1. Angle, helix 62-77 long axis vs. longest principal axis of the chain, Cα atoms, 0 to 90°, nearest 10?
2. Let me know the volume per residue of the alpha-carbon convex hull for the chain, in Å³.
3. Round to the nearest 0.05 the FRET efficiency obtained for residue 36 and residue 106 when R0 = 35 Å and r is the Cβ-Cβ distance.
4. Note the angle between two axes, namely the Cα long axis of helix 162-173 and the longest principal axis of the Cα atoms of the chain, as a number of degrees from 0 to 90, rounded to the nearest 10.
5. At R0 = 35 Å, how high is the FRET efficiency between residue 183 and residue 66 if r is their beta carbon distance? Nearest 0.05 is fine.
6. For the residue pair residue 190 and residue 226, what label-to-label distance in nm results when each label sits 7 Å from Cα along the Cα-to-beta-carbon direction?
7. Specify the angular offset, from 0 to 90 degrees and rounded to the nearest 10, of the alpha carbon long axis of helix 5-22 from the longest principal axis of the alpha carbons in the chain.
8. Subtracting the Cα-Cα distance from 0.36 nm times the residue separation, let me have the gained length for residue 203 to residue 91 in nm, one decimal.
């Protein structure tokens, strides 16, 4: 089993904290309508000090904000470091992202990535680096706005088992490191890391060309690339993944 009860609580809590921080939906302690199904989770979050009550509403605490900040650092790294392994041609050792800047529209890029020769290697890379694969899939769901808190009845969707069963199924059926082989995994991760840093450099160069240019952009570019240089080591895992989130 890839997704545990603690996983489920953690992922649900992240969605709630995100809505409390970035959304406009007030979570009330009484007369809470559709939010009633979330009450057990709010009670547990409050008992552990992640949320508190403020008048008739639940409110995030500094402890809850700290957890959310750690998660967002992981999510940022997921988008920059791990998403690059979404579309890999294992036979040719090619990455779809190597041609990312060749496309003028999101639709054209999406059509290119639908090619059957591309496999999703994100779970294999996560498992190789001892990162929870369920969290990687959860992040991909967030990136796809699968937890849309503006949709009617989203609360019931969050507490139902549908999303978590789907995450479990994705983890179970995904390509695993032993199917690829250690040498091939090391090669793919090394190639992906080099490509990731190259894309970061190209992205910053494009941003610099689009700006008037005060000289500060070059400093930002160098700092960004230096931050990700440890990923040249295929075994490297950022310390942010080692920090605990919620302590259930």
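Taken together, the values in this text are just the output of simple stated rules run on the coordinates, not laboratory data. Bear in mind the structure is a predicted one, so any value in this text is a computation, not a measurement. No Cβ is skipped: glycine too gets one built from the backbone with ideal geometry, and neighbour counts run over all protein chains shown.
1. It works out to around 20 degrees.
2. Working: hull volume 38.7 nm³, N = 248.
Given the Cα convex hull of the chain, per-residue volume reads 156 Å³.
3. Details: r = 38 Å, r/R0 = 1.09.
E between residue 36 and residue 106, to the nearest 0.05, is 0.40.
4. Roughly 30 degrees, rounded to the nearest 10.
5. On the way: r = 40 Å, r/R0 = 1.14.
The calculated FRET efficiency here is 0.30.
6. For residue 190 paired with residue 226, the spin-label model returns 2.6 nm.
7. Roughly 90 degrees, rounded to the nearest 10.
8. On the way: separation 112, 0.36 × 112 = 40.32 nm, distance 2.78 nm.
Extra length available between residue 203 and residue 91 comes to 37.5 nm.
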